[in-house]
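**Student:** Please read through the structure below; I'll follow up with questions.
Each reported figure results from applying straightforward, stated rules to the coordinates on display, with no laboratory input. Here the structure is a predicted model, which is why all the values come from computation and not from measurement. All Cβ positions, glycine included, derive from the backbone under ideal geometry; neighbour counts span all protein chains shown.
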Amino acid sequence: MSRTRRRTLALLALLPAWAAAAGPAALPAAPAAAPLRIAVAPHTSARVIVEMYQPLRAHLEHALGQRVEVITAPDFTAFARRAMAQDYDLAITTGHQARLLQTDAGYRPLLTYKADFRALAVVAGKSPHHSARDLAGSTVIGLSPASLVTIWGQHWLHRNAVPDATMRYVSASDSVGHLVLKGEGSAGFMSLANFQGLPPALREQLRVLDESTSMSGRVYVLNARHAARQEAVSAALWAFAGTPEGRAYFDRYKLGGYRALEPRELFAMEPYANEVRLALKAPPAK
Amino acid sequence: MQLAPLKTVRGRLILAAVAIEFVMLALLVGNSLRLLRDAMGEQARAQAQQIAPVLSAALVAPLAQYDHATVQAVLRESQAIKGIDYLAVTDAAGRVVAASGWPAGKPLPDTGRGFTLDASPPRYDVAHPIALAGQPLGRLQFGLDLGQIVQARQALFSQGLLIAGGELLLSGALLSVLGLLITRQLSALTEASLQVARGRLTPAPVAEGDDDVGRLGAAFNTMSRAIGERVEALQRAGEAQARIAASLAERNAELQRTHIALSAENGMRVAAQAELEQALLRLQDRTHQLDEVLELSPDGFVAFDAQGRVRYANQGFQRVTGLGADAVQGLDEAAFGEALAGHCAPQASFPGLAALRQCAEAADERRRRVRIELTRPAQRVVETGVRLSRSATVSQILYVRDVTHESEVDRMKSEFLSHAAHELRTPMASIFGFSELLLKRRSSPERQQEVLAIIHRQSQAMIDIINELLDLVRIDDRRGKDFQLERCDLAALATAVAADFGVPEGREPPQLALGDAPAEVRGDRAKLAQALRNILSNAYKYSPGGGGVRLALVHGTADDGAPRLGLQVVDQGLGMTPEQVARVFERFYRADSSGNIPGTGLGMAIVKEIVELHGGHAELHSSPGEGTTVTLWLPVAAAAAPAPAPAPHPAPAPAPAAGQLVDA
C-alpha cells in the first residue's frame with residue numbers, strides 16, 4: 001500500500017469523528033434560540049401565573065433581544081427542586097426559597113416588590129376558633145410544604161404550642177379558603193396578597209386569626225450562569241417598572257413596584273430556607 | 001361481402017352506446033367516490049377542530065408547569081377516543097415532550113399534506129399550537145385514523161365496478177340483437193347497391209314492405225329502374241353530342257380563318273390610328289404654342305368668325321384697350337366697333353372694321369394701319385389694322401398695337417428739331433443779313449470790321465450750339481460707353497477747373513472750399529470737368545450784378561446709406577422761380593427770356609446727362625433774387641470696388657439729401 005493511499009484512508013477514517021465534532025457547531029442558531037426561562041413560584045394556578053407575567057415577558061424580550069418564556073411548576077417543592085437543578089434562568093419566588101437558591105445554588109438576588117408580604121392564619125368567620133390554641137387536635141390546611149406561608153404557619157403552630165394539629169396540603173390558595181369554609185380544616189395559611197385577591201364573597205366569610213411580620217415575598221434571583229448579564233437583566237427589570245405596562249401590572253396586582261433588597265433581608269429567611277432544604281433532602285412522596 | 005364488426009353501422013352503434021354507458025357509469029362511480037371523500041374529509045376536519053381546542057386547554061397548565069407527566073397522562077387518556085391514531089406534544093423549541101400511540105424517537109409526520117385518502121398509512125395529521133396569553137407553550141399534533149373511510153371507498157369502488165361491468169355486458173347483448181333485426185334488410189340493399197356499383201345497373205329487385213326499411217327497398221327498386229332508363233337516354237344523347245361536336249369543329253376552323261383575315265385588317269387600322277394620333281398631338285402642340293404666342297404677344301388680336309362675330313380676343317387686346325375677351329366675345333362688327341370707340345378720344349376714334357378692310361387693300365404698308373387714341377384704360381396711341389383670312393372658321397383678324405412710346409419719341413424729335421432749328425435760325429439770320437449787307441452795301445472799313453465781328457460772333461454762337469448738340473447727341477447715343485472711367489480726386493478736379501475757367505472780366509474767381517479730406521470718385525475727368533464748367537458758367541452768367549461764386553466740395557449720404565460727394569456751386573445772382581427750376585434741365589430751355597444772357601439752353605441738359613451716367617444726380621435750389629445753388633452728387637469710389645457701370649438710362653434722381661460743407 002502506498003503512502004498516499006494510506007494517508008487517504010486515514011483521512012476517510014477521521015471523517016465520522018470530524019462530522020460528529022462539527023455537528024453541534026454547525027447549528028449556531030440553537031444556543032441563540034434558547035429562550036430565557038422565567039420561573040415563577042406556583043403561588044396560584046399556572047394559567048393565572050402565565051397571564052400575569054406576560055407584560056414582563058414582552059418587555060424583556062424587547063429589551064434583551066431574546067425569546068423569553070414564563071413557566072412555573074406543579075408545586076413549591078418541585079419548583080425548588082428544579083431551581084436547585086439549575087433549570088431556571090430567572091426565578092421569582094418567595095424569600096426563603098430565594099435564600100436557599102442564593103446559598104445552595106449560586107443564584108444572584110436582584111430585587112423584590114414593594115408590596116408588604118405577610119402570611120395569614122385564617123379561619124371561617126363563624127367558627128369557634130379565636131386563638132391558636134383553639135386549633136389543637138384539628139386539621140390545618142396549607143399550600144405546598146415548601147411554601148413560605150405554610151412553613152410560617154407550621155412555625156406559628158409550633159410557637160403557639162398547638163398540640164396534635166394535622167397539616168393538609170392543597171395546590172391553590174383559593175382552595176384553602178373554600179376548604180376552611182367547608183369545614184375540611186379548622187384554619188388555613190395563605191399570603192396577605194392571596195387573601196386580598198380572593199373573591200369578595202369568599203373573603204368576607206373568612207376571618208384572620210393571626211398574621212406574620214413583613215417578610216420578603218417574591219424575590220427575583222438570577223442564575224449564576226447569567227452573571228455577565230446581571231446588570232443588563234437588572235436594568236431591563238428596573239426599566240419595566242417605568243413603562244406604562246409595568247405600572248399597570250403593579251397596580252393590577254397591588255405590588256407597588258420594585259425595590260432593592262435590604263442587606264440582610266434574605267439572611268432573615270434562613271430558618272425557613274432550612275425547612276426547604278430538609279424537605280428537598282427527603283425522598284419524594286410516592 | 002363480409003365487413004369487420006366496426007365497419008358496420010350496427011357495430012358502431014353498439015360501440016357508441018357501450019362507450020356512452022361506460023362514461024356515464026364512470027362518472028357515477030367517480031362522483032360517488034368524490035362525494036364520499038369530501039364528506040369524510042369535512043367530517044375529519046370538523047372532528048379535528050373539535051378535538052384540538054379541548055386538548056389544548058387541558059395541556060396549557062401542565063405545559064406551563066413543565067409537568068410533562070401530566071401532559072403524557074392527558075395524551076394517553078385522549079387516545080382512547082375512537083379514531084385517534086396517535087397524539088404528541090412538542091414544547092416551544094420543537095422537542096417532543098409527550099406522545100401516545102407514536103414510537104419514541106421517531107420523527108413526527110408532516111402535517112402539511114392536508115386531508116388525503118391516498119396516504120399510507122391512511123391518516124389525517126393535524127397540528128394545533130398551544131399558547132397562553134400570547135406565549136407559545138408548545139404544539140399539539142395528532143393523527144386521525146382514516147382506515148375505515150378508505151375501506152368504505154374501496155368497497156364502493158369495487159362494487160361500482162362490478163355493477164358497471166354487468167350493465168355493460170347486458171347492454172351490449174341487447175343492442176346486438178336489436179341491431180341484427182334492424183340491419184338485415186339493409187344488408188340486402190347494400191348487396192344490390194354493390195351490384196350497381198360494379199356495373200349491373202338493373203339488379204334483382206330487393207324486398208319491399210310498409211316499414212321504413214321496406215319503403216327504402218321500394219325506393220331502391222324505383223331508383224334502379226330509373227337509372228336504367230337514364231343510361232339509355234344518356235347513350236342516345238352521347239351520339240347526338242358527337243355529331244354536334246364534329247359540326248362545331250368545322251365551324252371553328254372557318255371562324256379561325258375569318259379571325260386571321262380580320263386581325264390583318266385590324267393591324268392596318270391600328271397603324272393608321274396611331275399616325276392620326278401622332279398628327280393630332282403635333283397639331284395640339286402647335287395650337288398650344290400658338291396660344292402661348294398669342295397670350296404673350298404685347299399686341300392685341302381679335303378673330304372674327306364667318307358671320308362677323310368676335311370669336312377670340314387675346315390678353316394683349318385687353319391690356320391695350322381694357323376690353324376683356326368676355327366683354328367682346330360674340331359681338332358683331334358694329335357692336336364691337338362701338339365698344340372700342342367708346343374707349344377712344346373723339347378726334348382719333350376707331351373708324352370701324354369696314355374702313356380698316358378698305359385700308360388693308362392699300363399697296364403701301366403704312367397706309368394699311370390706322371392710328372387711334374385711347375382714353376381708357378390709359379392715354380394711349382394705338383395702331384389698328386385688319387388682316388383678311390382664308391380660313392373657313394375665321395373671316396378676319398383685327399390687330400392693335402400700343403405705339404404710345406414711338407409716338408412720344410416722334411413728338412420729342414419733332415420738338416427737338418423745331419427747337420434746334422429755331423435756335424440756329426437766330427444767329428443764321430444775323431449772319432445772312434450782315435453778310436448780305438457787306439455784299440450789297442459799301443461801307444467803311446471800320447463798319448465792315450464791325451459787321452464781320454458780328455458775323456463771327458454769331459457764327460461762334462452757331463458753332464457752340466452745334467457742338468453742344470453734338471455732345472448731347474453723342475451722350476444720348478453712347479450712353480456713357482465712351483467714358484474713360486478712373487479714380488479721380490474731385491478736389492483736384494475742381495481746383496483745376498477753377499484755375500482754367502475763364503472768369504468774365506471784372507469778376508472774382510470762384511471761392512474754393514474743397515477741404516483736405518480724400519474725395520475720390522470713379523468717373524470720366526473730362527466729362528465731369530465739362531459739367532462743372534457748365535454750372536460755373538451759368539453761375540457767372542446769371543449773376544450779372546456781380547457777387548461772389550463759391551465752389552465747394554460737400555459730403556452726404558444717399559437714401560440707401562451709401563456715402564456720396566457733391567461739387568457745389570453757389571452764386572448770388574438772379575435766382576429762379578419754382579416753375580423755372582422745374583424746367584431748367586429741359587433741352588433748349590432758358591431761364592432768361594430777354595436774350596441778354598448768351599447761351600444755347602443745352603448746358604444744364606448736358607450736366608444732368610453726365611452726372612446721371614456716373615450714377616449720381618444734379619440738385620438745384622434757387623429763389624428769385626437770392627441766387628442759385630447747384631450740387632452735382634456722385635457716389636464715393638469704393639476702396640477696391642470696380643467702377644459703377646454707366647447707367648443705360650438716366651436713373652431717377654434720388655431725393656435731395658442735406659449737403660454739408662467740408663470746411664464751411
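**Student:** Which ordering of A:TRP238, A:TRP152, B:TRP102 is given by a fewest-first count of other beta-carbon atoms within 10 Å?
**Tutor:** Neighbour counts put them in this order, fewest first: A:TRP238, B:TRP102, A:TRP152.
**Student:** Starting from 0 in steps of 10 Å, tell me what percent of the Cα-Cα pairs of chain A lands in each bin.
**Tutor:** Bin by bin from 0 Å, the calculated values are 6, 25, 30, 18, 9, 5, 4, 2, 1, 0.
**Student:** Place a point 7 Å from the Cα of B:ARG447 along the Cα-to-Cβ direction; which residues of the range B:411-434 have their backbone N under 17 Å from it?
**Tutor:** B:433-434
**Student:** A follow-up question, please. Using a 10 Å cut-off around each Cβ of peptide A:71-81, what is the average number of partner chain Cβ atoms that fall inside? Each step should come with its number before you reach the end.
**Tutor:** On the way: counts 7, 5, 4, 7, 2, 0, 0, 3, 2, 0, 0.
That average works out to 3.
**Student:** Right, another one. Quick one: B:ILE535, B:ILE20, fewest Cβ neighbours within 10 Å first, how do they rank? Walk me through the numbers on the way to the answer.
**Tutor:** Details: B:ILE535 24, B:ILE20 11.
Arranged by neighbour count, lowest to highest, B:ILE535, B:ILE20 become B:ILE20, B:ILE535.
**Student:** Which three semi-axes in whole Å describe the equivalent ellipsoid of the protein assembly as shown, each the square root of 5 times a Cα gyration tensor eigenvalue, listed largest first?
**Tutor:** Ellipsoid half-lengths, sorted descending, are 148, 76, 27 Å.
**Student:** How are the alpha carbon pair distances in chain B distributed across 10 Å bins from zero to the largest one, expressed in percent?
**Tutor:** 2, 9, 9, 7, 7, 7, 5, 4, 3, 3, 4, 6, 9, 10, 8, 4, 2, 1, 0, 0
**Student:** When you count, for each residue, the other Cβ atoms within 10 Å and take the mean per peptide, how do B:453-459, A:83-89 rank with the highest first?
**Tutor:** Details: B:453-459: 15.1, A:83-89: 18.3.
Going from most to least packed, we get A:83-89, B:453-459.
**Student:** What is the average number of partner chain Cβ atoms found within 10 Å of a Cβ in B:59-71? Intermediate results must be reported in sequence, preceding the final value.
**Tutor:** Details: counts 0, 3, 8, 2, 3, 14, 14, 12, 6, 0, 1, 1, 0.
Counting Cβ atoms of other protein chains within 10 Å of each residue's Cβ and averaging gives 5.
**Student:** Sticking with this one: Mind listing the long-range amide H neighbours of A:MET167? Cut-off is under 5 Å, sequence gap 5 or more, other chains count too, H placed in the peptide plane at 1.01 Å from N.
**Tutor:** HN-HN under 5 Å from A:MET167: A:VAL140.
**Student:** Hand me the trypsin sites (Lys or Arg not before Pro) from the range A:99-173 located in a DSSP loop with no more than 16 other Cβ atoms within 10 Å, in residue order please. Working shown, then result.
**Tutor:** Details: sites: A:ARG99, A:LYS114, A:ARG118, A:LYS126, A:ARG133, A:ARG159, A:ARG168; in loops: A:LYS114, A:ARG118, A:LYS126.
Loop-located and lightly packed - A:LYS114, A:LYS126.
**Student:** For the range B:270-338, report the translational diffusion coefficient in µm²/s to the nearest whole number, using Stokes-Einstein at 20 °C, 1.002 mPa s, and a Kirkwood Rh over Cα pairs.
**Tutor:** 156
**Student:** Separation of the range B:583-610 and the range B:22-98 by C-alpha centroid, Å?
**Tutor:** If we compute the Cα centre of each part, the gap is 143 Å.
**Student:** Which distance in Å, rounded to a whole number, links the C-alpha centroids of the range B:477-533 and the range B:219-280?
**Tutor:** 108
**Student:** Express the relative contact order of the range A:149-255 as a whole percentage, based on alpha carbon pairs under 8 Å and six or more residues apart in sequence. Let's see the in-between values first.
**Tutor:** Numbers: 34 pairs, mean separation 21.8, N = 107.
Reported as a whole number, the value is 20 percent.
**Student:** Something else: How far is it, in nm, from the label point at B:THR222 to the one at B:LEU174 when both lie 7 Å from their Cα along the line to the Cβ?
**Tutor:** My value for the distance between the label points is 3.7 nm.
**Student:** Could you tell me what percent of the DSSP beta bridges with both partners in the range A:119-211 are antiparallel, to the nearest 5?
**Tutor:** Rounded to the nearest five, the antiparallel share is 60 percent.
**Student:** Continuing with this model, one more query. In debye, nearest 20, what is the charge dipole magnitude of the protein assembly as shown about its Cα centre with +1 on Lys and Arg Cβ and -1 on Asp and Glu Cβ, if you could check?
**Tutor:** 5580
**Student:** Could you give the length gained on full extension between A:ARG259 and A:TRP238, defined as 0.36 nm per residue of separation minus the Cα-Cα distance, in nm?
**Tutor:** Stretched out fully, the A:ARG259 to A:TRP238 stretch lengthens by 6.7 nm.
**Student:** Roughly speaking, what is the stretch gain from B:ALA39 to B:ALA339, that is 0.36 nm per residue apart minus the C-alpha to C-alpha distance, in nm to one decimal?
**Tutor:** 96.3 nm
**Student:** Which distance in nm do the two modelled labels at B:THR577 and B:ASP477 give, with both placed 7 Å along the Cα-to-Cβ direction?
**Tutor:** Distance between the two pseudo-spin positions: 3.9 nm.
**Student:** Ok, one more. Provide the packing ranking of B:128-138, A:34-44, B:428-438, i.e. peptides ordered by the mean count of other C-beta atoms within 10 Å per residue, highest first.
**Tutor:** Ranked by mean Cβ neighbours within 10 Å, highest first: A:34-44, B:128-138, B:428-438.
**Student:** Now a separate question. Under the rule of -39500 (n - 2.57) per DSSP H run of 4 or more residues, summed and divided by the residues of chain B, what mean residue ellipticity at 222 nm is obtained, to the nearest 500 deg cm²/dmol?
**Tutor:** Computed ellipticity for chain B at 222 nm equals -18500 deg cm²/dmol.
**Student:** Let me ask you something else. Give the separation of the Cα centroids, the range A:133-201 to the range A:91-110, in Å.
**Tutor:** 24
**Student:** With everything on Cα atoms, drop me the angle between helix B:525-541 and the longest principal axis of chain B, reported from 0 to 90° to the nearest 10.
**Tutor:** Taking Cα atoms only, the helix is inclined about 50 degrees.
**Student:** Using alpha carbons only, how many degrees (0 to 90, rounded to 10) separate the axis of helix A:173-182 from the longest principal axis of chain A?
**Tutor:** So the inclination is approximately 30 degrees.
**Student:** Quote the charge dipole size of the range B:268-341 about the Cα centre in Debye, to the nearest 20; the model charges only the Cβ of Lys and Arg (+1) and of Asp and Glu (-1).
**Tutor:** Computed about the Cα centre, the dipole is about 160 debye.
**Student:** For the pairs B:LYS413/B:LYS608; A:LYS182/B:LYS82; B:LYS541/B:LYS608, note any where the Cα-Cα span goes beyond 30 Å. The partial results should precede the final answer.
**Tutor:** On the way: B:LYS413/B:LYS608 19 Å; A:LYS182/B:LYS82 40 Å; B:LYS541/B:LYS608 19 Å.
Pairs exceeding 30 Å: A:LYS182/B:LYS82.
**Student:** D for the range A:119-211, whole µm²/s, Stokes-Einstein with Kirkwood Rh over alpha-carbon pairs at 37 °C and 0.692 mPa s: what number?
**Tutor:** Numbers: Rh = 12.6 Å.
Value of D from the Cα-based Kirkwood radius: 262 µm²/s.
**Student:** In nanometres, what is the gap between the two model label sites at B:ARG76 and A:GLU231, each 7 Å from Cα along Cα-to-Cβ?
**Tutor:** 5.1
**Student:** If you fit an axis through the alpha-carbon atoms of helix A:230-242 and take the longest principal axis of the Cα set of chain A, what angle between them do you get, 0 to 90°, nearest 10?
**Tutor:** 50
**Student:** Here's a follow-up. Counting partner chain Cβ atoms within 10 Å of every residue's Cβ in A:36-49, what's the average?
**Tutor:** Mean partner-chain Cβ count within 10 Å for A:36-49: 2.
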